[in-house]
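Reviewing the structure listed below.
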Amino acid sequence: AQSVTQPDIHITVSEGASLELRCNYSYGATPYLFWYVQSPGQGLQLLLKYFSGDTLVQGIKGFEAEFKRSQSSFNLRKPSVHWSDAAEYFCAVAVNQAGTALIFGKGTTLSVSS
Amino acid sequence: EPEVTQTPSHQVTQMGQEVILRCVPISNHLYFYWYRQILGQKVEFLVSFYNNEISEKSEIFDDQFSVERPDGSNFTLKIRSTKLEDSAMYFCASSLGQGSWETQYFGPGTRLLVL
């Protein structure tokens, strides 16, 4: 069965430092992969998504993610974190290409220290 | 920017009571979804809805759950007889089209507490 693992429950990064949030997936075929962010009181907002092609995907707010098939990973990165990036981040995979259900990881809470 | 809205933001109910969670999807979207997140667990897919019919549902979405689009703007999730384990954050989402490549836009959620 398809699954998503986010190994880090909580990460603290200094403002201005680089960030990498890990995501591993289990899926038989080429996955459709997503990163969402949730700020307090807000809905889940799509940061970026990968379907095919270039394995390095650019998203909003300066985020990028790299799809590595050999490692079954889709890690999210940002070169320089801002205090406003503090939020909860969710990695998700689509169940199948024609379907609509997303399978989410448990999420990683990012704290930013000054 | 258009957004998905949900009401109420919080709801407390007694076990066995019926609750209706409301959502207003983005106006030109055609596909609607409910997800839930039990505290400390993953966000889980419940159901998708299109053209007044359920498109997909998970095994969580049993007979105590139902969805409806009662008018042109609202999308509701009804839980007929709530159980303690229904306590969770419920997210509504909508998308313009169907398919895994379509972006699903999520609302802020309704936190349901069943006592």
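Selection of the stretch B:21-45 for residues being outside any loop (DSSP other than H, G, I, E, B), more than 9 Å from chain A (Cβ to nearest Cβ) and either open to solvent by less than 50 Å² (accessible area, probe 1.4 Å) or of a type in the set (Ser, Thr, Tyr) (or both) yields B:21, B:23, B:32, B:34, B:36.
Out of curiosity, is residue A:81 crowded, with 19+ Cβ neighbours inside 10 Å, away from chain B (no Cβ under 14 Å) and either touching a Leu at 6+ places or on another chain (Cβ under 8 Å) or not hydrophobic (A, V, I, L, M, F, W, C) (or both)?
Values: crowded, with 19+ Cβ neighbours inside 10 Å: yes; away from chain B (no Cβ under 14 Å): yes; either touching a Leu at 6+ places or on another chain (Cβ under 8 Å) or not hydrophobic (A, V, I, L, M, F, W, C) (or both): yes.
Yes: the conditions hold for residue A:81.
Does at least one position in the stretch A:81-90 carry a residue that is in a loop (DSSP other than H, G, I, E, B) and among the polar types (S, T, N, Q)? Before you say what the answer is, go through the steps one by one.
Quick first cut of the stretch A:81-90, residues in a loop (DSSP other than H, G, I, E, B) only: A:81-82, A:86.
Okay, now just the ones that are also among the polar types (S, T, N, Q), so none.
So far as the stretch A:81-90 goes, no, none of its residues is in a loop (DSSP other than H, G, I, E, B) and among the polar types (S, T, N, Q).
Just checking, which of B:72, B:97 is of a type in the set (Gly, Ala, Ser) and in contact (Cβ under 8 Å) with a residue 12 or more places away in the chain? If you could, list the steps in order and put the result at the bottom.
Values: B:72 fails: in contact (Cβ under 8 Å) with a residue 12 or more places away in the chain.
Sole residue among the options that is of a type in the set (Gly, Ala, Ser) and in contact (Cβ under 8 Å) with a residue 12 or more places away in the chain: B:97.
Considering the conditions (1) more than 12 Å from every other protein chain (Cβ to nearest Cβ); (2) out of contact with any Gly (no Cβ under 6 Å at 6 or more places or on another chain); (3) buried (at least 16 other Cβ atoms within 10 Å of the Cβ), residue A:69 is excluded by exactly one of them, (3).
Taking the criterion of being more than 14 Å from chain A (Cβ to nearest Cβ) and surrounded by 21 or more Cβ atoms within 10 Å (Cβ to Cβ), the residues of the stretch B:76-115 that qualify are B:77, B:82, B:112.
The values are calculated or read from the model by the stated rules, or taken from the named source; none is laboratory data. Computed from a predicted model, the values in this text were never measured in an experiment. Note that each Cβ is placed from the backbone with ideal geometry, even for glycine, and that neighbours are counted across all protein chains shown. In case anyone asks, the SASA skips ligands and DNA or RNA and just uses the protein heavy atoms, side chains included. Shrake-Rupley method; radii C 1.70, N 1.55, O 1.52, S 1.80 Å.
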